[in-house]
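Reading through the structure tokens given below for one structure.
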Amino acid sequence: MSTTVPAISAGLATDVGRVRAHNEDSACMQGTVYVVADGMGGHAAGEVASRIAAETVGELAERSVVQVRDIVAQVGEANRRILASAARHPEQTGMGTTVTGLALVSVGGSRHWAVFNIGDSRVYRRLDGRLSQVTVDHSEVWELVERGLITPEQAHRHPGRNVVTRSLGRDPMGVVDTWVFPPYPGEAFVICSDGLSNELTLEEIEAVLADHPDADEAATELVRRAVEAGGRDNVTAIVVAVQGEDSDSDVDEDTTPRENVNGSSGESRS
């Protein structure tokens, strides 16, 4: 395995927002593992589920070598822990969470980024100054967008925008989407709950990254602007920046999920 590790800086910010009584988002930055989880279930249960998910996936940072299959297995372990906690505590029945994130993994003996996702939290990637959404929302509304029935702008106002089709806290939990690509100097990632993506457009997120090259400052500013724009949900953002200048070369990105199986049922976010 290559010992070359890119110089990385990362920042994390979170806010309860203007509407919610408490913050059900959880996040973890451990080594080169970055996770955001957005809990659901009401009361304290959503917070419990998201914390279990973030901490469990974050345990991957303790390993010297991580592969994509390890991430998928660890997300499965998080799901088992959430179900076990709910079984022990009846007041947690029905709790669940999204989970998404980024980790450095070994592929063919070299370092690659792996993005993973279940739910409608997101990972964005900025490369050569352009921001794109890597993850695919597991939501009823995003399925309408992909079928061309509504636009992404209409999705922001759709009454069913909080209904997710995959999450942790289910048995079976559904498929974990993964994407893998090599790291590039100057690239950056935004990992966030939908409290950010529902308030700020792709262009607004891109502008913050351009104006704030420091990862910690960028994360703080993204969350501040999302709260200022409405703050209708909890808001969490991790910004991960790979040091160096943006690459001028063409990049053949693998941005297709290895598997993409839609869940059969919807779950309303609280």
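The values are calculated or read from the model by the stated rules, or taken from the named source; none is laboratory data. Nothing here was measured: the structure is a model prediction, and the numbers come from that model. Glycine gets a Cβ as well: all are built from the backbone with ideal geometry, and neighbour counts include every protein chain shown.
Could you tell me which of the residues Leu149, Leu144 is closer than 22 Å to Val175 by Cβ and more than 18 Å from the chain's Cα centre (by Cα)? Going through Leu149, Leu144 in turn, just one is closer than 22 Å to Val175 by Cβ and more than 18 Å from the chain's Cα centre (by Cα): Leu144. Only one of the listed residues (Ala27, Ala73, Ala37, Ala54) is in a helix (DSSP H, G or I), modelled with pLDDT of 95 or more and in contact with a strand residue (DSSP E or B) (Cβ under 7 Å, 6 or more places away or on another chain). That residue is Ala54.
The lone criterion from (1) within 21 Å of Asn117 (Cα to Cα); (2) surrounded by fewer than 22 Cβ atoms within 10 Å (Cβ to Cβ) left unmet by Gly39 is number (2).
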